[in-house]
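Single-structure report; data block below.
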Amino acid sequence: MRRTEPLRALVRETRLEPGQLIYPLFVCPGEGVRREIGSMPGVFNVSVDEAVKEAEEAVRLGLGGLLLFGLPTEKDEEATGAWDDAGIVQTALRALKASSAAKELVLIADVCLCEYTSHGHCGVVVETATGHEIENDASLDVLGRTAASLARAGADVVAPSDMMDGRVEEIRRALDEDGHEQTPILSYASKFASAFYGPFREAADSAPLFGDRRSYQMDGANVREAMREIELDLGEGADMILMKPAMPYLDVIRAARDRFDVPMGAYQVSGEYSMLKAAFAQGWLEPERAMLESLVGIRRAGADFIVTYFAKDAARVL
């Protein structure tokens, strides 16, 4: 049954299609901006007008959707750019909704504060006698306001990635009170503190100025805790879950798939992309085969859809 490609295709258990791929976009101020990210070859910071062009290409390639991140003009300790109705992602969402591409794509807006805070953390920071601490409960209201603002701007789905406890419940309340009862929540329910996020922090200009994120992102050694985090988010009203990173945590994806009967995605993060691109540049791996093999592996582990910087390249091949 492996002798020819038609035979192999006939009995193939795991399918990979362009519609299962979500392409991340980093939207920045300006016009006509298309600035390549040094640590992520082939990925760009784009202005709103260029983001619309990216969406049109995504439609031509048959992608499932876009995941939007923003680079604000200014940052502050309150992350006001995150929930400003005139913010960079809100502006991009309105432009995308006005384009023909919007009818064919799911527009997902990341909900987090790290790109908008002057300190680079995902929540509100308070000073303590021993330094700085992330104030979980004080962060929830800001996250709720951010999600409501993104939904007003046209987000089809809001995706909290902050990992604050209780944020899904607060976002659901904020969305409902703002008249967005039909807007689903894609929760980064199992997001691990990972070395594989490094290139993203260059792309989104979101590296923390002090400390790290291990006090609120998950310990990579804990699978059972990941299942509890997912269960809590679903109980608070999450409609879908997202696992991040993908490759080093395929066992977590499989464990979640076996336990939870909800739509589930996985994020093939910046470090996974960049290390493969580096190997391609050196001629150490065959680009097309290695790219598709990495994506099929994530699907085989149980992800229904994949957020990946390879989305456009993979769709061209598929």
How many percent of DSSP beta bridges within the range 1-69 run antiparallel, rounded to 5?
-> 35 percent
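Stick to Cα atoms and the Kirkwood definition of Rh, then tell me Rg/Rh for the range 117-164. Don't skip to the end; give the middle numbers.
Details: Rg = 12.8 Å, Rh = 12.0 Å.
Result for the range 117-164 is an Rg/Rh of 1.07.
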For the chain, what is the calculated [θ] at 222 nm in deg cm²/dmol (nearest 500), taking -39500 (n - 2.57) for each run of four or more DSSP H residues and dividing by its residue count?
-> -12000 deg cm²/dmol
Which shape class, rounded, prolate or oblate, goes with the range 68-124 when its Cα gyration tensor gives a ≥ b ≥ c as root eigenvalues, a/c under 1.5 marks rounded, and past that a/b bigger than b/c marks prolate?
-> prolate
Paired Rg and Dmax values of the range 30-90, which use every Cα atom, in angstrom = 13.2, 40
Magnitude of the Cβ-charge dipole of the chain, K/R +1 and D/E -1, about the Cα centre, nearest 20 debye?
-> 1700 debye
Amide H contacts of Met218 (H built 1.01 Å from N, under 5 Å, at least 5 apart or other chain) | Lys191, Phe192, Ala193
Can you give the net charge of the other residues whose Cβ lies under 14 Å from the Cβ of Glu127, counting K and R as +1 and D and E as -1?
-> -3
In order over the range 262-279: 3J(HN,Hα) from phi, Karplus 6.51/-1.76/1.60, θ = phi - 60°, whole Hz, x for each Gly or Pro, gives 10, x, 9, x, 9, 9, 7, 7, 4, x, 5, 5, 5, 6, 5, 4, 5, 5
Take the chain, drop everything but the C-alpha atoms, weight them equally and run the Debye formula without solvent; then report log10 I(q)/I(0) at 0.08, 0.11 Å⁻¹ to two decimals.
-> -0.34, -0.65
Only Cα pairs under 8 Å and at least 6 apart count here; give the relative contact order of the chain as a rounded whole percent.
-> 19 percent
Placing +1 on each Lys and Arg Cβ and -1 on each Asp and Glu Cβ in the chain, then taking the dipole about the Cα centre, the residue among Gly198, His132, Ala82 whose Cα reaches farthest towards the positive end is Gly198
Lys and Arg at +1, Asp and Glu at -1: neighbours of Val111 with Cβ under 9 Å from its Cβ sum to -1
If you take the alpha carbon radius of gyration of the range 166-302 and divide it by 2.2 N^0.38 Å, what ratio comes out, to two decimals?
-> 1.16
For the peptides 74-87, 275-288, 145-158, what is the packing order when you average, over each peptide's residues, the other Cβ atoms within 10 Å and list the highest mean first?
-> 145-158, 74-87, 275-288
Relative contact order (percent) for the range 51-185, with alpha-carbon contacts under 8 angstrom and 6 or more residues of separation?
-> 25 percent
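What does the accessible area per residue of the chain come to in Å², with a 1.4 Å probe and no ligands, DNA or RNA counted?
Ligands and nucleic acids excluded, the figure is 44 Å² per residue.
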Treat every Asp and Glu Cβ in the range 117-240 as -1 and every Lys and Arg Cβ as +1, leave all other atoms uncharged, and give the resulting dipole magnitude about the Cα centre to the nearest 20 debye.
-> 360 debye
Share of carbon and sulfur in the accessible heavy-atom surface of the range 1-143 [1.4 Å probe, %] = 50 percent
Residue-by-residue Karplus 3J(HN,Hα) for the range 67-83, coefficients 6.51, -1.76, 1.60, Hz, glycine and proline x | 10, 9, 10, x, 10, x, 5, 9, 10, 8, 6, 8, 6, 4, x, 6, 10
For the range 1-121, what is the convex hull volume of the alpha-carbon atoms per residue, in Å³?
-> 148 Å³
How large is ³J(HN,Hα), in whole Hz, for each residue of the range 233-240 in order, when computed from phi with the Karplus curve 6.51 cos²θ - 1.76 cosθ + 1.60 and θ = phi - 60°, using x for Gly and Pro?
-> 5, 5, x, 7, x, 5, 9, 9
Using the alpha-carbon centroid of each, what span in Å lies between the range 1-37 and the range 251-315?
-> 9 Å
Summing Lys, Arg as +1 and Asp, Glu as -1, what charge do residues with Cβ under 15 Å from the Cβ of Pro287 carry, Pro287 excluded?
-> -1
To the nearest 10 degrees, how steep is helix 136-153 against the longest Cα principal axis of the chain, on a 0 to 90 scale?
-> 60 degrees
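May I ask you to give the average projected area over all directions of the convex hull of the Cα atoms of the range 78-206, in nm² rounded to one decimal?
8.5 nm²
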Which is farthest toward the positive dipole end of the range 1-117 among Ser47, Leu93, Leu107, measuring Cα position about the Cα centre, with Cβ charges +1 (Lys, Arg) and -1 (Asp, Glu)?
-> Leu107
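The values are calculated or read from the model by the stated rules, or taken from the named source; none is laboratory data. In this text, all values refer to a predicted model and were calculated from it rather than measured experimentally. Note that each Cβ is placed from the backbone with ideal geometry, even for glycine, and that neighbours are counted across all protein chains shown. Heads up: the accessible areas ignore ligands, DNA and RNA and are worked out on the full protein's heavy atoms, side chains in. Shrake-Rupley method; radii C 1.70, N 1.55, O 1.52, S 1.80 Å.
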